[in-house]
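**Student:** Before anything else, here's the structure in question.
The values are calculated or read from the model by the stated rules, or taken from the named source; none is laboratory data. Please read all numbers here as calculations on a predicted model, not as lab measurements. Neighbour counts run over all protein chains shown; Cβ positions are idealised from the backbone, glycine included. We work out accessible area using only protein heavy atoms, side chains counted, and drop any ligands, DNA or RNA first. Shrake-Rupley method; radii C 1.70, N 1.55, O 1.52, S 1.80 Å.
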Amino acid sequence: LFAHVHVTVWSRRHIERELVPIYCAGANTSPETLFRLLRDRIGGQASVRRAFDAVTLRRELFDTDQVDFRAAPSFVRIRDEFRSASSLLRQHKRTFGRTGVHLSRSITNDIVAWAEAPEPTKTVGLLLDRAGSGKSSVLRDVLETLEHRGIAVLGLKADQQCADVLSSDDLQQRLGLSCAPERAVAHLAAVGRVVVLVDQVDALSLSLARDQAALNLVLDLVGRIRHLPNVSILLSCRTFDRNTD
């Protein structure tokens, strides 16, 4: 039936760190605990070839472990939450003084083309330049262009929305999302392109001496979603911080 079968072994650490937080269903328990219950229940009876269906398995988990599953938020709701969370980046000033003059840059079109590519060779990009060069303005232009084309975008101002956050739950509340950021991205990426923009990630590096949790959290989020299909991630950073931090 098969000429060749390729098997990839995933370590327990990889499964629990990279896959479980994204793919486990929402419940009144942590994704790690839910995965352990599913693994032990199904794995323990695999030798007798027991068949499991969703209804029976959910009922057993509720009766024995009080696991109550939660319905996933709708695609429309998540897109609306992304638009709301992106409001700070969308409001960033992009004109010269009080002239109302905006300078369009060719790099914006390059980024949009990369973000829209069906299978980009690299899914994570860095927009680098010195302070005051207009990186935030470029990201705002990218945000509005992609949204205008119907692409789901989560645009974050790291200096305001990610500073002082200590956990994924804190970030979820700060952004006003109905589920964890990585789960929201994965949910939308299942049906279409999703772009995540993180502006001024260098602002988090300025607080390394005080608290590195926020920077680690952002990098951990990037690590979790970078291998998802249909997802592109762009971070802006000062060249100095990128080269020295």
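**Student:** Quick check on the chain: what are the equivalent-ellipsoid semi-axes from the Cα gyration tensor, as sqrt(5λ), descending, whole Å?
**Tutor:** Details: eigenvalues 289, 77, 66 Å².
Its equivalent ellipsoid spans semi-axes of 38, 20, 18 Å.
**Student:** Going 7 Å from the Cα of ILE15 in the Cα-to-Cβ direction, what parts of segment 50-76 have a backbone nitrogen less than 19 Å from that spot?
**Tutor:** 50-54, 57-58, 61
**Student:** Still on this structure, please answer the following. State the percentage of accessible surface on the chain attributable to carbon and sulfur atoms; use a 1.4 Å probe and exclude ligands, DNA and RNA.
**Tutor:** Numbers: 7510 of 14360 Å².
Here carbon and sulfur together make up 52 percent of the probe-accessible area.
**Student:** A follow-up question, please. When ligands, DNA and RNA are left out and all protein chains stay put, how many square angstrom of accessible area per residue does the chain have with a 1.4 Å probe? Mind showing how you got there, number by number?
**Tutor:** Working: 14360 Å² over 245 residues.
Per-residue accessible area for the chain comes out at 59 Å².
**Student:** Another question, then. What is the set of long-range amide H partners of LEU127 at a cut-off below 5 Å, with H atoms built 1.01 Å from backbone N?
**Tutor:** LEU235, SER236, CYS237
**Student:** Label ASP65 and THR239 with points 7 Å out from Cα along Cα→Cβ: what is the distance between them in nm?
**Tutor:** Placing both labels 7 Å along Cα→Cβ, they lie 5.2 nm apart.
**Student:** Shape of segment 1-50 from its Cα gyration tensor (a ≥ b ≥ c, root eigenvalues): rounded if a/c is under 1.5, otherwise prolate when a/b > b/c, or oblate?
**Tutor:** Working: a/c = 2.52, a/b = 1.40, b/c = 1.79.
Oblate is the answer for segment 1-50, as a/c is 1.5 or above yet b/c matches or exceeds a/b.
**Student:** Still on this structure, please answer the following. What's the extension gain from ARG226 to ASP80 if we count 0.36 nm per residue and subtract their Cα-Cα distance?
**Tutor:** On the way: separation 146, 0.36 × 146 = 52.56 nm, distance 2.22 nm.
Going from the current span to full extension adds 50.3 nm.
**Student:** Percent of Cα-Cα pairs per 10 Å bin, from 0 to the last occupied bin, for segment 114-206, please list those.
**Tutor:** 14, 44, 36, 6
**Student:** Please compute the length gained on full extension between GLU119 and SER167, using 0.36 nm multiplied by the number of residues separating them and subtracting their Cα-Cα distance. Don't jump to the answer; show the numbers that get you there.
**Tutor:** Details: separation 48, 0.36 × 48 = 17.28 nm, distance 3.10 nm.
Length gained between GLU119 and SER167: 14.2 nm.
**Student:** If I model segment 151-245 as equal point scatterers sitting on the Cα atoms and use the Debye formula, what is log10 I(q)/I(0) at q = 0.14, 0.22 Å⁻¹?
**Tutor:** Evaluating at q = 0.14, 0.22 Å⁻¹ gives log10 I(q)/I(0) of -0.49, -1.14.
**Student:** Relative contact order for the chain: what percent, with Cα pairs under 8 Å and sequence separation of 6 or more?
**Tutor:** Values: 302 pairs, mean separation 54.1, N = 245.
Result for the chain is 22 percent.
**Student:** Write out the trypsin sites (Lys or Arg not before Pro) in segment 160-244 meeting two conditions: DSSP loop, and at most 12 other Cβ atoms within 10 Å of their Cβ.
**Tutor:** Working: sites: ARG174, ARG183, ARG193, ARG210, ARG224, ARG226, ARG238, ARG242; in loops: ARG193, ARG210, ARG226.
Counting only loop positions with at most 12 other Cβ atoms within 10 Å, the trypsin sites (Lys or Arg not before Pro) in segment 160-244 are ARG210.
**Student:** Something else about it: Treating cross-link reach as a plain straight distance, find the lysines whose alpha-carbon is under 27 Å from the alpha-carbon of LYS122, omitting any fewer than eight places away in the same chain.
**Tutor:** Once the sequence-local lysines are set aside, what remains near LYS122 is LYS135, LYS157.
**Student:** Hey, what number do you get for the chain at 222 nm if only DSSP H runs of n ≥ 4 count, each worth -39500 (n - 2.57), divided across all residues, to the nearest 500? Spell out each step's value before the answer.
**Tutor:** On the way: 12 runs with 110 residues, N = 245.
Result for the chain, helices only: -13000 deg cm²/dmol.
**Student:** Stretched out fully, how many nm does the piece from ALA72 to ARG90 gain, at 0.36 nm a residue minus the Cα gap?
**Tutor:** Working: separation 18, 0.36 × 18 = 6.48 nm, distance 2.71 nm.
Here the answer is 3.8 nm.
**Student:** By the gyration tensor of its Cα atoms, with a ≥ b ≥ c the square roots of the eigenvalues, what is the shape of segment 26-141: rounded for a/c under 1.5, prolate for a/b over b/c, or oblate? All intermediate terms of the calculation are to be shown ahead of the outcome.
**Tutor:** On the way: a/c = 3.97, a/b = 2.72, b/c = 1.46.
In terms of gyration-tensor shape, prolate.
**Student:** Using the charge dipole of the chain (Lys, Arg: +1 at Cβ; Asp, Glu: -1 at Cβ; taken about the Cα centre), state which of GLN172, LEU127, LEU19 has its Cα farthest towards the positive end.
**Tutor:** Value computed over the given set: LEU127.
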